[in-house]
Amino acid sequence: MLFPVFLIVFMLAALFFFYSTVVSYIEKEKRAASSFFVFGFVLLLFLLGTVFLSPSIQQIIAVVFLGLIFVSFVLFFFQKPYFKKKENIVPRGNIDERDTMFSRDQLEPGSKKFKEYYQRHPEHKEKDDAFRKLPGLLSEDSMFYEPDLFAAADANFKIIEKNRPFVDGPPGESNEKHDPEELSLYLKELAKKYGAYSTGITRLKNYHLYSYRGRKHNYGQPVENNHEFALAFTVEMNRDFIRNAPNACCILESSQKYVDSGIIANLVAQYLRDQGYPARAHIDGEYEVVCPLVARDANLGEIGRMGLLMTPKLGPMVRIAVVTTSAPLVEDRKNEDLSVVDFCRICKKCAEVCPSQAIAFTDRKEIKGVTRWQINQEACFTYWCKAGTDCARCVSVCPFAHPDNFLHNVVRYGIRNSKMFQKFALKMDNLIYGRKPARLKLPKWNRNDREE
Ligand code: SF4
Ligand code: SF4
């Protein structure tokens, strides 16, 4: 009686493996495709074998295997998460943009700003002198120099530069009153129409703001932003390009996504100003806010081991931009799901592959009032100056960075709902994709064949 049920259930499982084979093949994951195919094929052979057994043995096999499936299902998917807990997410104080590596990199040795900075922070001098001796981002002498790809990335940064004047401006004189809920929804859909992947709104909090600006054109200016709301959004990065990190293609990809996210933010901010509301876009080089913190509070994800925003559907495979505004909006309710943090605790793949050992293997610590991981930004940036690219090796291997589709979303569902499944998922990810996943094949035009 139970044997036909057993056959149907396991045939469905075999079908799922073959479906996963096709998905992996499309995703260019050769190792995963062959693993899923072997799983499906072995299961089919096993099922075929059971057909020739005596009815009593068939009955025993059916009871044992269906029982196992039932117990695993209950354990995996109904083990209610005890990791949903309140955490302190409010930093004490504001980050000074002048302490970020991009700002320190722009300091010219011997200049007044240079002297003033290292008088305030003598502890940074030795490490900063070390990265200054290296070739630097997009340099011809760097490890992953590739003339055409570097030139294309450089063009992206030039376009970002040209977009900067559009981040702010005076609001128009429209008297139209907007319903907060409708306007919030409209802005989110508008951002998606322009190319955003996910969007969220939060009240702008003081700790979201840098204390002082740190780029060449605004160095040392205090940040004054009294907007009430922030719309944060992500754009998806191309997985094939990032999976070839730290080669030249990764900086082409990330710079392009800075362009894309910057254009979207500028368009949304301009739209709001035309409606009569003060609004400012926060794009690469023009940030008044710490984007990952805003995005986290706007319910777009959590901060993971590599210090980046981990989104529920694409992990860290995103870039973020923000628009702050005084328009009447409705903030999104923050989901208290910390399952991604729990997964990071056991995973540590990014820490293992990081060429500069910038990512901690240890658990989170309290940093300025927030329990979180923080990478060694000096070590990371120093590697960028050797590589000539923004590396992204950590992003490329993250199990959360698989595409947003049924296969990976089933796994994400399990990770959200069961600690036991998290361990199982990590083991399977290591087996199917490898602890250090292989690079994905890129189109021929992309010269990208250097080894680390
Ligand atoms: S690689 Fe693993 S530990 Fe690192 S961010 Fe991704 S899930 Fe977390
Ligand atoms: S970008 Fe590269 S160097 Fe920096 S933390 Fe990630 S893997 Fe390490």
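The values are calculated or read from the model by the stated rules, or taken from the named source; none is laboratory data. Model, not experiment: these values are computed from the prediction. Virtual Cβ from ideal backbone geometry, glycine too; neighbours counted across all protein chains shown. Note: accessible area is taken over every heavy atom of the protein model, side chains too, but ligands, DNA and RNA are not part of it. Shrake-Rupley method; radii C 1.70, N 1.55, O 1.52, S 1.80 Å.
Can you find, within the stretch 148-188, the residue that is surrounded by the fewest Cβ atoms within 10 Å (Cβ to Cβ) among those that are assigned to a helix (DSSP H, G or I) and over 28 Å from the mean Cα position of the chain (by Cα)? Full working, then the answer.
Taking the stretch 148-188 as the starting set, the residues that turn out to be assigned to a helix (DSSP H, G or I) are 148-167, 180-188.
Remaining after also requiring over 28 Å from the mean Cα position of the chain (by Cα): 180, 182.
Numbers: 180: 14, 182: 10.
Applying the filter and picking the extreme gives 182.
Among the helices (runs of 4 or more DSSP H) lying completely within the stretch 1-117, list those that include at least 2 residues that are modelled with pLDDT under 90, in contact with a helix residue (DSSP H, G or I) (Cβ under 7 Å, 6 or more places away or on another chain) and hydrophobic (A, V, I, L, M, F, W, C). It would help to see each step written out before you state the result.
On the way: elements: 2-26, 30-51, 55-77, 101-106.
Output list reads 55-77.
Restricted to the stretch 199-224, and to residues that are among the basic types (Lys, Arg) and open to solvent by 90 Å² or more (accessible area, probe 1.4 Å), which residue is nearest to residue 298 (Cα to Cα)?
Step one: of the stretch 199-224, the residues among the basic types (Lys, Arg) are 203, 205, 213, 215-216.
From the residues that got through so far, the ones that are open to solvent by 90 Å² or more (accessible area, probe 1.4 Å) too are 203, 216.
On the way: 203: 8, 216: 29 Å.
Among those that are among the basic types (Lys, Arg) and open to solvent by 90 Å² or more (accessible area, probe 1.4 Å), it is 203.
Confirm whether residue 401 is under 22 Å from residue 152 (Cβ atoms), open to solvent by less than 50 Å² (accessible area, probe 1.4 Å), touching a Leu at 6+ places or on another chain (Cβ under 9 Å) and of a type in the set (Gly, Ala, Ser). Working first, answer last.
On the way: under 22 Å from residue 152 (Cβ atoms): no; open to solvent by less than 50 Å² (accessible area, probe 1.4 Å): yes; touching a Leu at 6+ places or on another chain (Cβ under 9 Å): yes; of a type in the set (Gly, Ala, Ser): yes.
No.
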(Q) Within the stretch 381-405, take every residue that is β-branched (Val, Ile, Thr) and within 10 Å of ligand 1 (Cβ to nearest atom) and give me the one that is nearest to residue 432 (Cα to Cα). (A) 397
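When the residues of the stretch 232-242 are narrowed to those that are open to solvent by less than 10 Å² (accessible area, probe 1.4 Å) and not aromatic (Phe, Trp, Tyr), which ends up farthest from the chain's Cα centre (by Cα)? Break it down into steps so the answer makes sense when it comes.
Here is the first cut: in the stretch 232-242, the residues open to solvent by less than 10 Å² (accessible area, probe 1.4 Å) are 232-235, 237, 242.
This time we only want the ones that are not aromatic (Phe, Trp, Tyr), so: 232, 234-235, 237, 242.
Details: 232: 14, 234: 9, 235: 10, 237: 9, 242: 11 Å.
Among them, the one singled out is 232.
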Q: May I ask you to list pairs of residues, at least six apart or on different chains, whose Cβ atoms are under 9 Å apart, with the first in the stretch 333-347 being free of Cβ contacts under 8 Å to residues at least 60 places away in the same chain and open to solvent by 10 Å² or more (accessible area, probe 1.4 Å) and the second being assigned to a helix (DSSP H, G or I) and within 8 Å of ligand 1 (Cβ to nearest atom)?
A: 344/350; 344/400
Q | Residue under evaluation residue 138, criteria (1) on the phi > 0 side of the Ramachandran plot; (2) assigned to a helix (DSSP H, G or I), criterion not met | A | (2)
Q: Out of the residues in the stretch 189-198 that are among the small types (Gly, Ala, Ser) and open to solvent by less than 30 Å² (accessible area, probe 1.4 Å), state the one that is nearest to residue 314 (Cα to Cα).
A: 198
Q | Which numbered condition residue 429 fails, given (1) of a type in the set (D, E, K, R); (2) within 16 Å of ligand 2 (Cβ to nearest atom); (3) at pLDDT 95 or above | A | (2)
Q) residue 329 versus (1) within 12 Å of ligand 1 (Cβ to nearest atom); (2) aliphatic (A, V, I, L, M); (3) open to solvent by 10 Å² or more (accessible area, probe 1.4 Å); (4) within 29 Å of residue 224 (Cα to Cα): which is the lone unmet condition? A) (1)
Q.
Exactly one condition in (1) more than 16 Å from ligand 2 (Cβ to nearest atom); (2) buried (at least 24 other Cβ atoms within 10 Å of the Cβ); (3) charged (D, E, K, R) is false for residue 305; which is it?
A. (1)
Q.
Taking the criterion of being modelled with pLDDT of 95 or more, crowded, with 18+ Cβ neighbours inside 10 Å, more than 10 Å from ligand 2 (Cβ to nearest atom) and assigned to a helix (DSSP H, G or I), would at least one residue in the stretch 386-398 satisfy it?
A. no
Q.
Suppose we filter 251, 263 for residues that are touching a residue at least 60 places away in the same chain (Cβ under 8 Å), farther than 25 Å from residue 302 by Cβ and open to solvent by 20 Å² or more (accessible area, probe 1.4 Å); which single one remains?
A. 263
Q. Regarding residue 256, is this residue surrounded by fewer than 19 Cβ atoms within 10 Å (Cβ to Cβ) and touching a residue at least 24 places away in the same chain (Cβ under 8 Å)?
A. no
Q. Across the stretch 348-380, which residue is nearest to ligand 1 (Cβ to nearest atom) among those that are more than 27 Å from residue 133 (Cβ to Cβ), surrounded by 14 or more Cβ atoms within 10 Å (Cβ to Cβ) and at pLDDT below 95?
A. 373
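Going by what's in this entry, would residue 421 be described as more than 15 Å from ligand 1 (Cβ to nearest atom), surrounded by 14 or more Cβ atoms within 10 Å (Cβ to Cβ) and farther than 23 Å from residue 34 by Cβ?
Details: more than 15 Å from ligand 1 (Cβ to nearest atom): no; surrounded by 14 or more Cβ atoms within 10 Å (Cβ to Cβ): yes; farther than 23 Å from residue 34 by Cβ: yes.
For residue 421, the condition - more than 15 Å from ligand 1 (Cβ to nearest atom), surrounded by 14 or more Cβ atoms within 10 Å (Cβ to Cβ) and farther than 23 Å from residue 34 by Cβ - is not met.
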